[in-house]
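> I have a structure here, written as structure tokens, and I will follow up with some questions on it.
The values are calculated or read from the model by the stated rules, or taken from the named source; none is laboratory data. A quick note: this is a predicted structure, and the numbers were derived from the prediction, not measured. When we count neighbours, we look across all protein chains shown, and the Cβ atoms used for this are built from the backbone with ideal geometry, even at glycine.
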Amino acid sequence: MSTVSPLAAAGQMRVTVRTEDGVALQVRIFGPRHPDLTVVLSHGHCGHGESWAPVRDALRRQYPNARIVCYDHRGHGDSARADHRTYTLEQLADDLRAVLGAVAPTGPVVLVGHSMGGMSVLTYVARNPEQIGDRVIGVGLIATAASNLTEAGLGRFLCHPVISAFQTAVRVAPGLMHYAKLLAGKAFAPIIRKAHRADCPLAPRWLTLANAIHNQTPIVTMAAFLQAFTTYDRTDALPTLSQIPTLILCGSADLLTPPSHSITMAAAIDYADLVLIPTAGHAVILEHPTPVTEALTRLISRTQDPNPTRHAVAA
């Protein structure tokens, strides 16, 4: 079920989509009502739909006849909070299905996910394989992984006792922990501002922590999804993606989902387009929107080719 309200700018709508368990998801739609193609952009952990703004706007200029859909995951951005037990990747895949059913019930679709958004896309693929090649004609996986998040990069800290203690504290005293997060966010604000001037003395792992604490995502949302990452494994979805054009993109300096994850995924998907962007970090869609858009343009072009696998490239 969805309700629609027009935005001020022409060609834009804001839609509230109700999931099966009644959670209100905020969805933004850009483009014509009867598009040739729908591109759905799924954001990462502690992000929101507007994280895609630079890439989204570039795609709108490139494909005026396409519909671009951005939405906030449950517990993120303007979407409603939910029971912390529903903060799982399986639930996010079901939420994606609800969004598609409400705003793109027919026609070809390209799914693109960044970080946790990519994991939700892979989970959707695994749970809805009949949609691949029929409805879903292309997939983009950006700064993400299919499994083994705790074995590389900063993901290794997901199994640290401190993380377990943090999650327990959030469950026991969510209000107090949220207040502590607000105070810590104010303390980290000068560091974030300094980092944007490129003269921050912090090591990258501490800068990553500063950004996580400073963002506006509720602490219950932040903590609950961390548990989902520790057991995440969707390598079963990768062979299915050999049926359609697939983009795998990562920054060479990504500390959260290092390039090794992208290389592993690309090796398991026939004709995948593997793109590594030099010096880019985990927030590659914000740091380097132009090469990300170029890669997505190539992906979309491949979906329009009657023999797309013949033109797959790796960079």
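> Check Q12, Q26 and return the single one that is within 22 Å of the chain's Cα centre (by Cα) and modelled with pLDDT of 90 or more.
Q26
> In the set L100, L92, L96, L122, which member is over 25 Å from T297 (Cβ atoms) and modelled with pLDDT of 95 or more?
Result of the check over L100, L92, L96, L122: L92.
> Look through the stretch 36-48, keep the residues that are modelled with pLDDT of 95 or more and not small (G, A, S), and return whichever of them is farthest from the chain's Cα centre (by Cα).
Step by step, filter the stretch 36-48, then rank; the result is L37.
> Let me ask something additional. Collect the residues in the stretch 277-300 that are surrounded by 17 or more Cβ atoms within 10 Å (Cβ to Cβ) and over 14 Å from V112 (Cβ atoms), keeping them in residue-number order. Lay out the reasoning, then the answer.
Narrowing the stretch 277-300 to residues surrounded by 17 or more Cβ atoms within 10 Å (Cβ to Cβ): 277, 280-286, 288-289, 291-293, 295-296, 298-300.
Residues satisfying the conditions are I277, A280, G281, H282, A283, L286, H288, P291.
> Any idea which residue in the stretch 45-96 is surrounded by the fewest Cβ atoms within 10 Å (Cβ to Cβ), counting only those that are under 18 Å from V136 (Cβ atoms) and of a type in the set (V, I, T)? Spell out how you get there, then give the answer.
Taking the stretch 45-96 as the starting set, the residues that turn out to be under 18 Å from V136 (Cβ atoms) are 59, 63, 66-71, 89-90, 92-96.
Next, from what is left, pick out any that are of a type in the set (V, I, T): 68-69.
Details: I68: 24, V69: 28.
It comes out as I68.
> Out of the stretch 233-250, which residues are of a type outside the set (S, T, Y) and outside any strand (DSSP E or B)?
Answer for the stretch 233-250, where residues must be of a type outside the set (S, T, Y) and outside any strand (DSSP E or B): R234, D236, A237, L238, P239, L241, Q243, I244, P245.
> Considering every residue within the stretch 256-268, establish whether at least one is touching a residue at least 24 places away in the same chain (Cβ under 8 Å) and over 14 Å from T144 (Cβ atoms).
no
> With the checklist (1) surrounded by fewer than 22 Cβ atoms within 10 Å (Cβ to Cβ); (2) over 20 Å from E20 (Cα atoms); (3) of a type outside the set (S, T, Y) in hand, flag the one item G113 doesn't pass.
(1)
> Take R310 and tell me if it is in a helix (DSSP H, G or I), modelled with pLDDT of 95 or more and farther than 17 Å from W52 by Cα. Talk me through it step by step, then tell me what you get.
Values: in a helix (DSSP H, G or I): yes; modelled with pLDDT of 95 or more: no; farther than 17 Å from W52 by Cα: yes.
Here the answer is no, as R310 does not meet what is asked.
> Another question, if that's okay. Mind listing just one residue for me: the one in the stretch 254-277 that is in a helix (DSSP H, G or I) and of a type in the set (A, V, I, L, M) and, of those, nearest to T240 (Cα to Cα)?
Among those that are in a helix (DSSP H, G or I) and of a type in the set (A, V, I, L, M), it is A268.
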